[in-house]
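The values are calculated or read from the model by the stated rules, or taken from the named source; none is laboratory data. In this text, all values refer to a predicted model and were calculated from it rather than measured experimentally. All Cβ positions, glycine included, derive from the backbone under ideal geometry; neighbour counts span all protein chains shown.
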Amino acid sequence: MRSPDTRIGRWWRLLRPGRNPLARPSDRFEARLLVVLVLLALLAIPVAAAIGSETYTSRLDAARAESASREQVTAELLADALMSMGAPAARPPHVPARWTLPDGTEHTGQVPAYSGATEGTEVTVWVDRSGAVTGAPTTTAGAAFEGVGAGLTIWLGFTVLCGVVFGVARLLVTRSHAQRWAQEWARVEREWSRS
């Protein structure tokens with residue numbers, strides 16, 4: 001029966017040079033490389049957190065600027081929003097509409113409306129200072145989501161890179177072992193065939 005610390009104990013013995021007479025130098029290299037890469041992945045956490053924090057701050061500033069320059073108005077549809085069979089449900093149809101800004105200027109243009117909306121239906125849209133239809137401003141939650149997403153993406157990408165480096169190193173060490181094993185068998189085979 002294997003003890004629960006067999007794998008951890010094996011790696012620990014490989015890390016300590018000279019303690020295990022059966023450990024090859026390549027085994028020690030592999031174990032040390034793993035420790036270095038794990039430490040690098042752990043050290044990358046504060047860097048990723050800083051990048052995420054910077055992304056959050058910049059997106060929050062952009063959200064405040066967007067909130068200051070955009071407002072919601074009510075637009076009246078000038079035509080029916082036809083239900084299209086082939087369009088994806090995620091994209092609402094754009095319909096001609098008319099809306100008035102708080103300063104009294106009237107604008108017309110295409111606005112998103114739900115399928116089946118009839119002429120005269122009122123819909124709420126976001127407009128910029130010139131009165132052009134635009135998207136909703138970024139929210140605080142959206143800025144936080146982008147910041148966390150940026151930090152996690154950076155850290156996970158670096159961690160995957162560390163994993164790839166370890167995998168390539170392990171593959172090269174394994175190939176080296178296989179080549180040496182084949183050479184040794186060829187030498188032994190020649191000696192056995194002579195006897």
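Pick out the one residue from 126, 155, 185 that is at pLDDT 85 or above, surrounded by 13 or more Cβ atoms within 10 Å (Cβ to Cβ) and over 23 Å from the mean Cα position of the chain (by Cα).
126
Please go through region 93-109 and give me each residue that is modelled with pLDDT of 85 or more and surrounded by 14 or more Cβ atoms within 10 Å (Cβ to Cβ), ordered by number.
95, 96, 97, 99, 100, 101, 107, 109
How about region 37-67: which of its residues are more than 30 Å from residue 117 (Cβ to Cβ) and over 24 Å from the mean Cα position of the chain (by Cα)?
Residues satisfying the conditions are 64, 65.
Is it the case that region 35-56 has a residue that's modelled with pLDDT under 90 and either outside the structural domain of residue 118 (by TED's automatic domain parsing) or part of a helix (DSSP H, G or I) (or both)?
yes
Being farther than 21 Å from residue 36 by Cα and touching a residue at least 60 places away in the same chain (Cβ under 8 Å) is the filter here; which residues of region 154-195 pass it?
176, 177 - these are the residues of region 154-195 that are farther than 21 Å from residue 36 by Cα and touching a residue at least 60 places away in the same chain (Cβ under 8 Å).
Report, ordered by the first and then the second residue, all pairs with beta carbons closer than 6 Å, sequence separation of six or more or different chains, a first member in region 21-40 that is aromatic (Phe, Trp, Tyr), and a second member that is buried (at least 16 other Cβ atoms within 10 Å of the Cβ).
Qualifying pairs under 6 Å: none.
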